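Okay, so here's the structure we're looking at.
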Amino acid sequence: MQKELSDIELIKQVLAGHQSAYADLVKRHQRYVFTLAIRFVKNRENAEEVAQDCFVKAYKALGSFQQQSKFSTWLYTIVYTTSMTFLRKKKLNTYSIDDDAVFMEVKNQTEFKTDQTEQKSQTFYINLAISKLLPDDAAIMTLFYQGEQSLEEIAAVMEMETNTVKVKLHRARHRLKEKLESLLKEEVRELL
Amino acid sequence: MNEIEEKLWNYIDGFCTEEEQKTISQRIEKDENYRRKYAELLAFQENINAIDLEEPSMGFTFKVMENIRSEQARVPLKTHINHRIIGVIAAFFIFSILLLLGYIFANISWSHAVAIKLPQINLPAVNSYLNPVVIKGFLFFDVVLGLFFLDHYFRKWFFEKK
């Protein structure tokens, strides 16, 4: 069985001129990058555009990757800055990313699978609740739980203090719980 | 968010000190309120961990690689510098200069050391080649070259302005 190459080994191959090795890197990280982009831009089509842009940018800047952090952390930094630039350009419900009082509404709910059985699942409601969080909160949750990034790594990605990330993580979880409870209440009301 | 919840999250995430960890685990054992909240948070965390990552479209990797290829094709020629070619050109000129210097030094008469005299170099008679047709041709080439660079400059200026 062929041994799976590490990110660093793949990067070395890309820098040596083997472009196909980059396709393996993309395949490995595309779901994380795409999920993170969705958390920011709240729309599948835009998220795909942002995610593609991130990988192209990462390819161009691969030579400048110092290997002082994980490749994923470096990549998520690109996702963060690209998403922020995208939001600024599109002027999608402009808000301050530090303003915790502002909540972004999900306009396009159709992006979630509307399968009846899945609607009933907890995962569906958690996804829905996450999509109703502030982009920053949703991104921190994704980086911490799905991206398996430490507080320090998240702080580096989002250009924040580690303590700020810690506080934001606590708040994000609390808000997620609130959102989830309100969504489930609505569901119960609809059923009655 | 209440204090118990915050402490418990720190405990679950492993953000607290050893001492705090001991205190909280003792409280979880003894205090019913703590135990209930801890179980609730653990269940909540399990649910978050169970969330699947979003899947991009089927041809995502292909599209990224295509974008990279098209970006590379768009890179202007001036950024594709072949250093080997530059090296060969430099070597040619250095060799020519050294050859010329060697020729000059070989033809200098070093016997008259009293007064510094310029070496007598027998250059070919250039005047015979400088007839009016050659001069006109040279000037015409200069004008064309000048117009070419002027056009290049205006194009660059126009696009930057745009």
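In segment B:124-161, how many residues are at pLDDT 90 or above and β-branched (V, I, T)?
2
Identify, please: which residue in segment A:31-71 is more than 25 Å from A:L128 (Cβ to Cβ) and of a type in the set (S, T, Y) and is, among those, nearest to the other protein chains (Cβ to nearest Cβ)?
A:Y59
Restricting the first residue to segment B:51-63 and requiring it to be touching a residue at least 12 places away in the same chain (Cβ under 8 Å), which pairs with a second residue that is surrounded by 14 or more Cβ atoms within 10 Å (Cβ to Cβ) and assigned to a loop (DSSP other than H, G, I, E, B) meet a Cβ separation below 7 Å and a spacing of at least six or different chains?
The qualifying pairs do not exist here.
The values are calculated or read from the model by the stated rules, or taken from the named source; none is laboratory data. Just so you know, these numbers come straight off a predicted model, no measurement behind them. Because the Cβ atoms are built from the backbone with ideal geometry, glycine has one as well, and the counts that use them run over all protein chains shown.
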